[in-house]
Amino acid sequence: MARLLRTSLSSLVFAFVATAATGGDEYSRRVWRVQDGLPQNRIQAISQTPEGYLWIGTYGGLVRFDGARFVVFDRSSTPAMRDDSILALCPARDGSLWIGTEGGGLLHYSKGTFEAFGAKEGLTNGFVRAIYEDRKSTLWVGTDRGFFRREAGRLVRLDGRPDLPFVAALAIREDRDGHVWVGSSTGMLQIVDGNLLPVAGVNETVRSIV
């Protein structure tokens, strides 16, 4: 059975697709809301880790869903969390999960433990809106004011120089040739030889890359 996931600003909808005996498709839909266990009805991010859990980012915390039960992680239950609002989720190749928060920095969830990344680890802005792990397992992190690459457990900023003062990174993707592209409030950027460079001719805000 394949599962299609849909999100909206007011609810989380799971649509299950089943093959009918006649060979056609039948669709059913169920809506989960606060009364079913979600901390908030507004969904900001959704992803899935290799073991099958769905992870849902809301204003009220991070949620893990196994198909039947919601488990909520927030500041009251998780000491490493500094803000309940979750903006971005990125499953890693090792089965762990990277989490971007709205003001509370970057979190890493692995084997039941959360680790926080903030100013001490090199992250100079806590509003993490985009996270991407490329095919070489390099982690790229975009914030409201700064774009970062993870190196040896620290976050190294790639902007903040005279020709590129700061970047509000909104989207990160890798193309089929392994090139990393960044959508930002100042246009499109690309990683070239390890450096973050503007792409000529694209100067408008780029919010999504496919």
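Of the residues that sit in segment 169-182 and are in a strand (DSSP E or B) and touching a residue at least 40 places away in the same chain (Cβ under 8 Å), which one is surrounded by the most Cβ atoms within 10 Å (Cβ to Cβ)? If you could, list the steps in order and put the result at the bottom.
Taking segment 169-182 as the starting set, the residues that turn out to be in a strand (DSSP E or B) are 169-174, 180-182.
Now restrict to residues that are touching a residue at least 40 places away in the same chain (Cβ under 8 Å): 169-174, 180, 182.
Details: A169: 31, L170: 19, A171: 19, I172: 26, R173: 16, E174: 18, V180: 20, V182: 28.
The selected residue is A169.
Would you be able to say whether some residue in segment 115-123 is under 20 Å from A45 (Cα atoms), touching a Cys at 6+ places or on another chain (Cβ under 8 Å) and crowded, with 18+ Cβ neighbours inside 10 Å?
Initially, segment 115-123 is screened for residues under 20 Å from A45 (Cα atoms), giving 115-117.
So of that shortlist, the ones also touching a Cys at 6+ places or on another chain (Cβ under 8 Å) come out as none.
No, every residue in segment 115-123 fails to be under 20 Å from A45 (Cα atoms), touching a Cys at 6+ places or on another chain (Cβ under 8 Å) and crowded, with 18+ Cβ neighbours inside 10 Å.
Kindly indicate whether any position in segment 147-167 is touching a strand residue (DSSP E or B) at 6+ places or on another chain (Cβ under 6 Å) and of a type in the set (G, A, S).
Looking for residues that are touching a strand residue (DSSP E or B) at 6+ places or on another chain (Cβ under 6 Å) and of a type in the set (G, A, S), one finds none in segment 147-167, hence no.
Those residues that are outside any strand (DSSP E or B) and in contact with a Phe, Trp or Tyr (Cβ under 7 Å, 6 or more places away or on another chain), I need them from segment 85-104; list them, please.
Of all residues in segment 85-104, those outside any strand (DSSP E or B) come to 85, 92-96, 103-104.
Correct list: S85, A92, S96, G103.
Scan segment 81-92 residue by residue and report those that are of a type in the set (A, V, I, L, M) and either in contact with a Ser or Thr (Cβ under 8 Å, 6 or more places away or on another chain) or loosely packed, with under 13 Cβ neighbours inside 10 Å (or both). Quick ask: steps written out before the conclusion?
To start, the set of residues in segment 81-92 that are of a type in the set (A, V, I, L, M) comprises 81, 86-89, 92.
Passing the criteria: M81, I86, L87, L89, A92.
Which of the residues spanning segment 34-66 are in contact (Cβ under 8 Å) with a residue 40 or more places away in the chain, closer than 15 Å to G112 by Cα and either touching a Pro at 6+ places or on another chain (Cβ under 6 Å) or assigned to a loop (DSSP other than H, G, I, E, B) (or both)?
T49, P50, E51
In segment 16-70, which residue that is in contact with an Asp or Glu (Cβ under 8 Å, 6 or more places away or on another chain) and at pLDDT below 90 is nearest to A130 (Cα to Cα)?
In this case the residue turns out to be V17.
Determine if segment 107-114 includes at least one residue that is within 14 Å of the chain's Cα centre (by Cα), under 20 Å from P39 (Cβ atoms) and at pLDDT 95 or above. Give the steps one after another, and end with the answer.
The first filter runs over segment 107-114 and keeps only residues within 14 Å of the chain's Cα centre (by Cα), leaving 107-109.
Next cut, under 20 Å from P39 (Cβ atoms) only: 107, 109.
When the remaining residues are screened for being at pLDDT 95 or above, the result is 107, 109.
Scanning segment 107-114, I find at least one residue that is within 14 Å of the chain's Cα centre (by Cα), under 20 Å from P39 (Cβ atoms) and at pLDDT 95 or above, so the answer is yes.
Pairs, please: C-beta under 9 Å, at least 6 apart or cross-chain, first residue surrounded by fewer than 17 Cβ atoms within 10 Å (Cβ to Cβ) and in segment 93-105, second of a type in the set (S, T, N, Q)?
Final answer for the pair search is R93/S137; D94/S110; D94/S137; G95/T49; G95/S110; G103/S85.
The values are calculated or read from the model by the stated rules, or taken from the named source; none is laboratory data. Treat the numbers as computed from the prediction; the structure is a model and nothing was measured. Every residue, glycine among them, receives a Cβ derived from its backbone with ideal geometry; neighbour counts consider all protein chains shown.
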